[in-house]
Amino acid sequence: MKITGYADKISARPGETLQFMVNCERPRYRADIVRLVCGDLNPEGPGIREQVVPTPANKSYKGRAQTIESGSYVLIPNSPMLQDLKSFTVQAMLWPTMPDKGTQAIVSKWQERRRSGFALVIQAGRLALQLGDGKGNVEVVSTNKQLLARQWYFVAASYDAETRRGTLYQEPQTDYPTVSDAGRVRKKTQLERVGSNQSALMFGALRTGSGRGKLDQKFNGKIDSPRLANRVLERADMERLKSGVPAHLQQSVVGTWDFSRDISSIRVTDVSPNRLHGETVNMPARGMKGYNWSGESMDWKQAPEQYGAIHFHDDDVYDAGWEVDFSLTVPANLKSGLYAARLRSGSEEDYIPFVVKPAKGKEKKLAFLLPTASYMAYANEHMATNAGMMELLSGRLAPFDKNSLFLNEHREYGGSCYDSHSDGSGVCYSSRLRPILNMRPKHISALGGDGSSLWQFNADTHITDWLEAQGFDFDVITDEDLHYEGLALLKPYQVILSGTHPEYHSLQMWDAMKAYQNQGGRLMYMGANGWYWRVAFHPDCPGLMEVRRNEGGIRTWAAEPGEYYHSFTGEYGGLWRNQGRAPQVMLGTGFSAQGFDISAPYRRLPGSFQARAAFVFEGIGKDEVIGDFGLIGGGAAGLEIDRADERLGTPPHTLVLATSQGGHTDIYLVVCEELLVTTPGLGGTENELVRADMVFYETPSGGAVWSSSSIAWAGSLSHNNYDNNVSRITHNVLERFLNPEPFVR
Amino acid sequence: MHTVYKISANDQDVVEEFNAKPIGHHSPALQRVLNVIRGQPVRDKYVLICTKPHKEWTLGQLTGERGKPVRMFKDQVFGSVEDAEREIFRRRWNLHTGTKG
Ligand SMILES: [Fe+2]
């Protein structure tokens, strides 16, 4: 892809302005604002449906390349104290994860052009002190002892300007007999001096120039308790500095940084009297257990002094920080919906999707809640390239479109909360301030099942397409709006329609939806594996979300013990189910099985013949098979599927209307949170839990919930020119839900 | 996933079943074979590049190294996913059994 881009916001109301940032490797490109209706390229389906909306932004622009600089670090601005160091001691606790991955800076104060300054680094897998005299000469002192990955070390280096002696300490915190990974080296250097410079002090990287792309020596692993002193310290004094600044060292200390302060922020605090504060860049992981974690506390809020580590990754990214190329002030008369800035240059094309919300007070009766938190969790996922499991999960070869090929090559675009970092640790933060190339119309995903192969954003265009085709008036709102606006966002609506896979919810989102239900709001759950993971949004930084993969649940990585609390909020992470809020509490059904090859139909159950559910099945035959067709796996029940379960919170008066039980392949397996003892027979042809249960129930104040409980459901809506029983059931439910007549008075 | 099961001539019966329906319900015997061949780790793993979406697929191969381009076999082009599945099954069968499938 020679053209990619992102917007500063995910949604805007009329009158508000969106800014678009574009990377274009061609001289010019054309931008057009389009209303997105359907993004499915499959010729068996409705086809691409989009309408150009005339706006002042629609025109040709000059192209320019914009790149992303990935890799996280801490930046402490330069100051006289830092600049005037002649002799010094630098120390930290260190947990390297990839000591053999090239040179990695732990602490750097370096100017590359003149080779001036110092850096405590890992070089050739060993601790080393890199010194530059400012005249182009560099000398490196190494312990020559190989560091082990994922082990804690005390590391330190000092330099004596008078004797020109450098000293290094590499002290493992665990002794393994026969392993020689400890080292102490004292060496007289040839350099006349260590040059001064005006560069920032950095933890976790080194900069070789001012421009983007000059970030170098990116460190992978944890740094805890870095300290800097203005003279050579005795080893005993270094030890004392671990836990504070004793009086006799006050004159010597330059900085003692405590990463356990302000864990929820990007601030980095120097607790020494010098207050050389800084901040993190590109969101390294915080709330990480430190070298002194005892295992007695699992919560960083309870024992912050044991969570003084920051985990840096060479592929962390937060804000791509591109220059703005054009902006759009949403016209007053533009109706709410799903839109995109369509960027084209020759055969190159990208879309930057966004949502136009209704003007306040101009809401329609129906809103489609676009699951943007889930899009963020999946943003730029690399499951098919990073892990071998995709073909097993999907029972077919993994398809790669141009977006997937690009993401495989451009790791600087960052991973998703399904990926692992290059060092194998899980990606717990995801940002939307970067191009998200799997949140695009026309995108084909390996997860999307045989057929159209759509997942998340593009699969959700099957819903917008159906709403348009059926002539329903609807607004589009997003998860992020729900998080920040709460119940007020939902209150005007008679009916909320979910996306195909609304999996991720913050506490604010969860509470708002429950409150909406309790006051009579109606929810149509058009998907599955919804309301599953708890997430947190960053308190200060926009467009940034956190997921901790705790305890159980289908997950592609596992949070480390002791790291189950969100750093952004201090809230316990993981499955909502493990916090007393299983999806069944919200939807009547919850995640039960998954498989990604083909889908299955539903058959009616006795519940569907009760008078309370008659409206759902109007025009549907008694023995009619429901949804034995569709663009997603050829059936309406598929990919991820949910079941009713009273013990998990399905309301006792719930009517189970239909089920897909017995129709699935053995690629479909019971979810792992159901497995206490593993036994044979977990697949779709054998296990009763492998099923999508369609349910209906009434809620307090005259509301109701209807759940399809299948991600594939929306892929069947357009079959036979929208004349089919999946479309009819959805239509029946939506018509009735739009009717204000209470279900139960 | 590295599987323990070794595909051999004893599995010959499943070849016909696979060729008749590469994607969908399979017998346990075929599924066991597919678990082996589809469970290959990412290094040198075959994938399908959507060169013309929903019309034309080109054989690709992952390198297993992050950031390295997917290898593309421009002379291995398929008009359907099923044809691609059959060809790749044949290649993997040969690799695992040392015989022609
Ligand atoms: Fe998911």
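Laboratory data are not the source of any read-out in this text; all were calculated from the coordinates shown. From a predicted model like this one, the values you see are computed outputs, not experimental measurements. Here the Cβ positions follow ideal geometry from the backbone for every residue, glycine too, while neighbour counts run over all protein chains shown.
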### Summary
Rg (one decimal) and Dmax (whole number) from the Cα set of the stretch B:28-79, in Å, equal 12.9, 37
### Summary
The set of residues whose placed amide H lies less than 5 Å from the amide H of residue A:268, leaving out same-chain residues fewer than 5 positions away, is A:278, A:279, A:280
### Neighbour-count order for A:196, A:70, fewest beta carbons within 10 angstrom listed first
A:196, A:70
### Message
Kirkwood hydrodynamic radius, computed over distinct alpha-carbon pairs, for the stretch A:1-53: how many Å, to one decimal?
### Response
13.6 Å
### Message
No solvent, one uniform scatterer per C-alpha: report log10 I(q)/I(0) for the stretch A:366-738 via the Debye equation at q = 0.10, 0.12, 0.15 1/Å, two decimals.
### Response
-0.56, -0.84, -1.40
### Task
Could you pull the Cα extents of the stretch A:447-581 along its three principal axes, largest to smallest, in whole Å?
51, 39, 29
### Task
Apply the Kirkwood formula to chain A: the hydrodynamic radius equals the inverse of the mean of 1/r over all pairs of different alpha-carbon atoms; give it in Å with one decimal.
27.5 Å
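Expressed as a rounded percentage, what relative contact order does chain B have, with Cα pairs under 8 Å and six or more residues apart? Mind showing how you got there, number by number?
Details: 131 pairs, mean separation 25.4, N = 101.
It rounds to 25 percent for chain B.
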### Message
Between the stretch A:143-216 and the stretch A:318-394, how far is it from one alpha carbon centroid to the other, in angstrom?
### Response
44 Å
### Task
Rounding to the nearest 20 debye, state how big the charge dipole of the stretch A:73-312 is about its Cα centre with +1 on each Lys and Arg Cβ and -1 on each Asp and Glu Cβ.
680 debye
### Task
For the stretch A:3-76 and the stretch A:697-744, write down the distance between their C-alpha centroids in whole Å.
33 Å
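Taking 56 Å as R0, compute the FRET efficiency from the Cβ-Cβ separation of residue A:620 and residue A:176 and round it to 0.05.
On the way: r = 68 Å, r/R0 = 1.21.
Given R0 = 56 Å and the Cβ-Cβ separation, E is 0.25.
Could you list A:504, B:5 in order of exposure, starting from the residue whose Cβ has the fewest other Cβ atoms within 10 Å?
Ranking A:504, B:5 by Cβ neighbours within 10 Å, fewest first, gives B:5, A:504.
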### Query
Where does chain A land at 222 nm, in deg cm²/dmol rounded to the nearest 500, when only DSSP H runs of n ≥ 4 count, each adding -39500 (n - 2.57), divided by all residues?
-3000 deg cm²/dmol
### Inter-label distance, nm, simple model (7 Å from Cα along the C-beta direction), residue A:518/residue A:135
7.5 nm
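I need the trypsin sites (Lys or Arg not before Pro) found in chain B, filtered to DSSP loop residues with at most 10 other beta carbons within 10 Å of theirs.
Values: sites: B:6, B:32, B:38, B:43, B:45, B:55, B:66, B:71, B:74, B:86, B:90, B:91, B:92, B:100; in loops: B:6, B:43, B:45, B:55, B:66, B:100.
Those satisfying the criteria are B:6, B:100.
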#### Entry: log10 of Debye I(q)/I(0), alpha-carbon scatterers only, for the stretch A:620-745 at 0.18, 0.19 Å⁻¹
-1.04, -1.11
#### Entry: Radius of gyration and Dmax over the Cα atoms of the stretch A:358-464, both given in Å
15.3, 50
### Query
When the Kirkwood hydrodynamic radius is evaluated over all pairs of different C-alpha atoms of the stretch A:570-643, what value in angstrom, to one decimal, is obtained?
14.7 Å
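Under the definition of Cα pairs under 8 Å and six or more residues apart, what whole-number percent is the relative contact order of chain A? Don't skip to the answer; put the middle values down first.
Values: 2135 pairs, mean separation 95.3, N = 745.
It comes to 13 percent, rounded to a whole number.
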### Task
Based on a Kirkwood Rh over C-alpha pairs, give the Stokes-Einstein translational diffusion coefficient of the stretch A:73-312 at 10 °C and viscosity 1.306 mPa s in µm²/s.
90 µm²/s
### Query
Taking the Cα centre of each part, how many Å lie between the stretch B:13-36 and the stretch A:535-613?
33 Å
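Are there trypsin sites (Lys or Arg not before Pro) in the stretch A:317-406 that DSSP puts in a loop and that have at most 12 other Cβ atoms within 10 Å, and which ones?
Qualifying residues, ordered by number: A:360.
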### Summary
In whole percents, the bins of 10 Å from zero upward hold the Cα-Cα pairs of the stretch A:170-221 as 17, 26, 35, 19, 3
### Phi-based couplings in Hz for the stretch A:338-346 (Karplus 6.51, -1.76, 1.60; Gly and Pro marked x)
9, 10, 7, 8, 8, 10, 9, 8, x
### Task
Apply the Karplus parameterisation 6.51 cos²θ - 1.76 cosθ + 1.60, with θ equal to phi minus 60°, to every residue of the stretch A:499-505 and state each ³J(HN,Hα) to the nearest whole Hz, in sequence, with x for glycine and proline.
x, 6, 8, x, 8, 10, 9
### Message
5 Å is the cut-off here: which amide hydrogens, built 1.01 Å from N in the peptide plane, fall below it relative to residue A:634, excluding neighbours closer than 5 in sequence?
### Response
A:599
#### Entry: the stretch A:73-312, relative contact order [Cα under 8 Å, separation at least 6], %
23 percent
### Task
Step through the table entries A:442/B:74; A:357/A:442; A:360/A:514; B:45/B:68; A:188/A:218; A:101/A:187, compare each Cα-Cα distance with 18 Å, and write down the pairs that go over it.
A:442/B:74; A:357/A:442; A:360/A:514; A:188/A:218; A:101/A:187
#### Entry: Binned Cα-Cα distances of the stretch A:41-100, short to long, each 10 Å bin given as a whole percent
11, 17, 20, 16, 14, 15, 7, 1
## Note on the structure
Partner aspartates and glutamates whose C-alpha sits under 15 Å from that of residue A:289, ignoring same-chain residues fewer than 8 away, are A:224, A:258, A:262, A:299, A:305, A:560, A:563
### Summary
Simple SL model, points at 7 angstrom along Cα→Cβ for residue A:279 and residue A:28; separation in nm is 3.9 nm
### Neighbour-count order for A:272, A:264, A:445, fewest beta carbons within 10 angstrom listed first
A:264, A:272, A:445
### Task
Calculate the mean, over all residues of peptide A:377-390, of how many other protein chain Cβ atoms lie within 10 angstrom of the residue's Cβ.
3
### Task
Would you please name the GluC sites (Glu not before Pro) within chain B that are DSSP coil residues with at most 12 other C-beta atoms within 10 Å of their C-beta?
B:65
#### Entry: Given charges at Cβ of Lys, Arg, Asp, Glu: the stretch B:9-97 dipole, positive-most of B:64, B:10, B:33
B:64
### Summary
Along principal axes, largest first, the alpha-carbon spread of the stretch A:253-359 in whole Å comes out as 57, 30, 29
### Task
Would you pull out the residues with amide H under 5 Å of residue A:532's amide H, same chain only if 5 or more places away, H placed 1.01 Å from N?
A:504, A:505
## Note on the structure
Applied in sequence order to the stretch A:211-220, the curve 6.51 cos²θ - 1.76 cosθ + 1.60 (Karplus, θ = phi - 60°) yields integer Hz couplings, x standing for Gly and Pro, of x, 5, x, 9, 6, 9, 6, 5, 8, 10
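Based on the Cα gyration tensor of the stretch B:9-97, what are the three equivalent ellipsoid semi-axes, each the root of five times an eigenvalue, rounded to whole Å and given largest first?
On the way: eigenvalues 110, 54, 22 Å².
Whole-Å semi-axes of the equivalent ellipsoid: 23, 16, 11.
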